[in-house]
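Here the structure is laid out as structure tokens; the discussion comes afterwards.
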Amino acid sequence: MRYKAGWLVQNHILALTHYEPVVTMEDFRDIATDAHMALQEATQPFHLLIHNRIIAERTVATLDSMLKALPILEHKHLRWIVVVLPEVIKETATVREVQRHGSIQLKFLDSLPSAFQHLAHEDDRIVGVAGMELSWSEWISREDNPIAKGEE
């Protein structure tokens, strides 16, 4: 498995993490298919967490380019897209502005914990960072890929 995509918290936080530093066109196609299937279940406001920490790419997609590449993301219930930047450029997170398109906002962060903190701050339905960290640990198993667990 080269990636994992699906509901981290059902109908609340959709997540994507990569297990390989290079995302192929086949990966992208498969991720789009998985996202399409998951988004059919979305019936309330939700967020998308993209964990790109191990990605080798230094180019960062804009919100407009994400929406053009994956039109399904223009979902009426999507609120935040939170992207954990690749390790090689994570220090640029603080200088990147929040991008907006209608009700969708995109924020780049430097770590998984900071992504959880942001979502907990922006959505009062999220009970706390510790719960998301536990959900992430359960969602990503060591057998899948130990490096994808977070900041190890």
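Using DSSP, restrict attention to beta bridges with both residues in the chain and report what percent are antiparallel, rounded to the nearest 5. Don't skip to the answer; put the middle values down first.
Values: 9 of 25 bridges.
The answer is about 35 percent antiparallel.
Using a Gaussian network for the chain with springs between C-alpha atoms less than 10 Å apart, which of these wobbles most: Q105, Q117, Q40?
Taking springs between Cα atoms under 10 Å, the residue moving most is Q40.
In the Gaussian network model of the chain, springs joining C-alpha atoms below 10 Å, which of A69, A42, A15 carries the largest mean-square fluctuation?
It is A69.
Check each of the trypsin sites (Lys or Arg not before Pro) in segment 24-94 and keep only those in coil by DSSP with at most 14 other C-beta atoms within 10 angstrom; list them in order.
Values: sites: R29, R53, R58, K68, K76, R79, K90; in loops: R53, R58, K76.
Here the trypsin sites (Lys or Arg not before Pro) that fit, given the DSSP loop and packing criteria, are R58, K76.
Determine the relative contact order of the chain: mean sequence separation of Cα pairs under 8 Å and six or more apart, normalised by residue count, in whole percent.
Details: 245 pairs, mean separation 30.9, N = 152.
Answer for the chain is 20 percent.
Name the residue, out of M37, M25, M132, whose mean-square fluctuation peaks in a Gaussian network model built on the chain with Cα pairs under 10 Å.
M25
Please get the size of the charge dipole for segment 3-149, origin at its Cα centre, with Cβ charges of +1 on Lys and Arg and -1 on Asp and Glu, quoted in debye to the nearest 20. It would help to have the intermediate numbers written out before the result.
Details: 14 positive and 20 negative charges, 61 e Å.
Approximately 300 debye in magnitude.
Values in this text are rule-based calculations from the coordinates and carry no lab data. The model shown is predicted, which means the values in this text are computed figures rather than measured ones. Neighbour counts run over all protein chains shown; Cβ positions are idealised from the backbone, glycine included.
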